[in-house]
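Structure record follows, encoded as structure tokens.
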Amino acid sequence: DTAVSQTPKYLVTQMGNDKSIKCEQNLGHDTMYWYKQDSKKFLKIMFSYNNKELIINETVPNRFSPKSPDKAHLNLHINSLELGDSAVYFCASSQQISGNTIYFGEGSWLTVV
Amino acid sequence: AQSVSQHNHHVILSEAASLELGCNYSYGGTVNLFWYVQYPGQHLQLLLKYFSGDPLVKGIKGFEAEFIKSKFSFNLRKPSVQWSDTAEYFCAVSHGSGNTGKLIFGQGTTLQVKP
């Protein structure tokens, strides 16, 4: 039973394309996130949603648009992909209370060529 | 701005050696502290966490960490490493109150254990 699952795991695409990464959590958590890990392995939050509402948007280009159809899903859509978008994107979830633990998905390796 | 600093970027040890990875954070309020591990090609897994109480916390796989509030530190330790501990280690911090759940990560430490 995968708690936080994301698809696809690997994605190779050309510059200019539009792609989506899907994420689902079965932990009953209220809050979901997208984190980006760059080529130097630095992790940084992109977005967080709480009960389908956007809570955090960390100066991410508006080519990136998260969509949360319900609190168990948070998908990431990327328009007009650029070479610099190549990274590993991690979905995560947590309860929206103080002292929560964030659980990560297995990551989606995006390569833009 | 809040930040997390991991002093060691790349650590190479022989099996059975002791490990200590440094982590310091800059935030004056209440914090929650985490260590995550990322094995090659895999996702982040929680090693241990500190929210409150005993500042010495024990995690999985024989790891422990000590929260020293006066030093804004949360160093990770293991008395005897194994080859299977080869991985990337990330220290992370979140606010302890008014928590949005946002984690701020350090830049990571690559641990290489030689058999």
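The values are calculated or read from the model by the stated rules, or taken from the named source; none is laboratory data. Only a predicted model underlies this, so the values are computations on that prediction, with no experimental measurement involved. Note: ideal-geometry Cβ built from the backbone for every residue, glycine included; neighbour counts use all protein chains shown.
Taking B:Leu76, is it under 23 Å from A:Phe104 (Cβ atoms), touching a Gly at 6+ places or on another chain (Cβ under 9 Å), modelled with pLDDT under 95 and part of a strand (DSSP E or B)?
Considered against the rule, which asks whether it is under 23 Å from A:Phe104 (Cβ atoms), touching a Gly at 6+ places or on another chain (Cβ under 9 Å), modelled with pLDDT under 95 and part of a strand (DSSP E or B), B:Leu76 comes out as no.
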- [ ] Quickly run through segment B:49-73 and pick out the residues that are in a strand (DSSP E or B) and free of Cβ contacts under 8 Å to residues at least 24 places away in the same chain.
- [x] B:Lys49, B:Leu56, B:Val57, B:Lys58, B:Glu64, B:Glu66, B:Ile68
TODO: With the checklist (1) outside any strand (DSSP E or B); (2) at the interface with chain A (Cβ under 10 Å from one of its Cβ atoms); (3) buried (at least 20 other Cβ atoms within 10 Å of the Cβ) in hand, flag the one item B:Gly41 doesn't pass.
DONE: (3)
TODO: Those residues that are more than 11 Å from chain A (Cβ to nearest Cβ) and assigned to a loop (DSSP other than H, G, I, E, B), I need them from segment B:7-38; list them, please.
DONE: B:His7, B:Asn8, B:Glu15, B:Ala16, B:Ala17, B:Ser18, B:Gly22, B:Cys23, B:Tyr27, B:Gly28, B:Gly29
TODO: Filter segment B:44-56 down to the residues that are at the interface with chain A (Cβ under 10 Å from one of its Cβ atoms) and buried (at least 18 other Cβ atoms within 10 Å of the Cβ), then identify the one that is modelled with the lowest pLDDT.
DONE: B:Leu44
